[in-house]
Amino acid sequence: MKAFATVLIALSASTLLPRAASAQAANPLSAGAKAQFTGISSFVTRSADKIPEKLFSFRATPEVRTISQLFGHIADAYFMMCSAAEGGKPPQQSFESSATTKAALVKALADGVSYCQSVMDRMTDQKGSESVPFVFGPTPRLSILYFVTTHTYEHYGNLVTYMRLNKIVPPSSEAPAAH
């Protein structure tokens, strides 16, 4: 069975890696945006999975967002920013103000990540250089996709602080899995 799994992994890698390398060679800026987003969004979704629901109402001080509001804000940003980069309207919104349960927020984040990745899959460097309306005025599509990553890192920093205050090791600080 182990040999079969090894063969499957090797076959998958031999088919997927050349396609990924080809996409990166043809559109290195778009591929870079997706790679950066994939890394940070993984930390956020893993944080949502890791933090117990009883802490979703936690806030470090009265003036800042709760953990659930942070996750909702990040999900809202995924839909808002990635739809702006694509040139459309957000397909979903309002998680920060309406979603409070862990299940709803984990789903919102997963849906937001999936949506952004689908937008990034369709992006090319040429299309990414086109300006579209955005919060700061006309902005190149790829700049918006890099901004969604920057914005996510900012709020992941908030989540790291919240996790540390509650004696939870953030995903970015976990020891690598043993193989």
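Throughout, read-outs are computed from the coordinates displayed, never taken from laboratory work. Computed from a prediction, not measured in an experiment: that's the story for all the values here. Note that each Cβ is placed from the backbone with ideal geometry, even for glycine, and that neighbours are counted across all protein chains shown.
With +1 on each Lys and Arg Cβ and -1 on each Asp and Glu Cβ, and nothing else charged, work out how big the dipole of the chain is about its Cα centre, in Debye to the nearest 20.
400
Couplings 3J(HN,Hα) of the range 120-134, computed from phi: 5, 4, 8, 7, 10, 4, 5, 4, x, 7, 6, 7, 10, x, 8 Hz, in residue order, whole Hz [Karplus 6.51 cos²θ - 1.76 cosθ + 1.60, θ = phi - 60°; x for Gly and Pro].
Any idea what % of Cα-Cα pairs in the range 41-94 are farther than 13 Å?
Working: 918 of 1431 pairs.
More than 13 Å apart: 64 percent of the Cα pairs in the range 41-94.
Taking other residues whose beta carbon is less than 12 angstrom from the beta carbon of residue 79, and scoring Lys, Arg as +1 and Asp, Glu as -1, yields -3. Put simply, the amide H of residue 132, placed in the peptide plane, has neighbours under 5 Å in 139, 141, leaving out anything fewer than 5 places away on its chain. Short-range pairs are left out: with C-alpha atoms under 8 Å and at least six residues apart, the relative contact order of the range 29-172 is 33 percent. Between the residues 51, 179, 32, the greatest Cα displacement towards the positive end of the dipole of the chain, with unit charges on the Cβ of Lys, Arg, Asp and Glu, is found for 179. Picking from 28, 62, 90, which is most flexible by a Gaussian network model of the chain using Cα springs under 10 Å? Ranking 28, 62, 90 by mean-square fluctuation puts 62 first. Backbone geometry of the range 64-76 corresponds, through the Karplus equation with coefficients 6.51, -1.76 and 1.60 at θ = phi - 60°, to 3J(HN,Hα) couplings of 10, 5, 6, 4, 5, 5, 4, 4, x, 4, 5, 4, 4 Hz, x marking Gly and Pro.
Sorted ascending by nearby beta carbons within 10 Å, beginning with the fewest, 121, 76 become 121, 76.
Treating each Cα of the chain as an identical point scatterer and summing with the Debye formula, the log10 of I(q)/I(0) at q = 0.10, 0.12 Å⁻¹ comes to -0.46, -0.64. With 31 Å as the limit, the listed pairs 34/102; 34/107; 54/89 have 54/89 beyond it between alpha carbons. Specify the residue with the greatest mean-square fluctuation among 112, 128, 137, computed from a Gaussian network of the chain linking alpha-carbon atoms under 10 Å apart. Ranking 112, 128, 137 by mean-square fluctuation puts 137 first.
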